[in-house]
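Trainee: Sharing a structure below in structure tokens format, with a few things to ask.
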Amino acid sequence: MTADGAPAAAVAAGTTAPQSFEQAMAELAQLVTQMESGALPLEASVAAYARGSELVRYCAAQLEKVESQVKVLEGDMLKPFSDDEAAQ
């Protein structure tokens, strides 16, 4: 814990970029758990929210990058999954 009562991991994590999508998701889940517990002081909650927003943007960017890679691999032939195909 820091002097203001915030978990040290939440404060320290806010200063670095995630090393992977999985790490970002794990940190995001931890932040959500901390915030939902109601144990964080107001300032720590705001910092956790800001960090969570950064992590969401990072994850969205990673997913977009992977989607682009898949489109290249599939020759841009991806089509939406429909209920009609599921019945076959």
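Trainee: Quick one: Thr2 ticks every box in (1) assigned to a helix (DSSP H, G or I); (2) modelled with pLDDT under 95 bar one, so which box is it?
Mentor: (1)
Trainee: If I ask for residues that are open to solvent by less than 70 Å² (accessible area, probe 1.4 Å) and outside any helix (DSSP H, G or I), which ones from segment 31-76 would you list?
Mentor: If the condition is that a residue be open to solvent by less than 70 Å² (accessible area, probe 1.4 Å) and outside any helix (DSSP H, G or I), then Gly38, Leu40, Pro41, Gly75 are the ones that fit.
Trainee: Follow-up. I'd like the residue in segment 8-29 that is in a helix (DSSP H, G or I) and modelled with pLDDT under 95 and, out of all such residues, is surrounded by the most Cβ atoms within 10 Å (Cβ to Cβ).
Mentor: Restricting to residues being in a helix (DSSP H, G or I) and modelled with pLDDT under 95, the top hit is Ala10.
The values are calculated or read from the model by the stated rules, or taken from the named source; none is laboratory data. This structure is a prediction, so every number in the text was calculated from the model and none was measured. Note that we place each Cβ from the backbone using ideal geometry, even for glycine, and neighbour counts take in every protein chain shown. Keep in mind that these areas ignore ligands, DNA and RNA; they rest on the heavy atoms of the full protein, side chains included. Shrake-Rupley method; radii C 1.70, N 1.55, O 1.52, S 1.80 Å.
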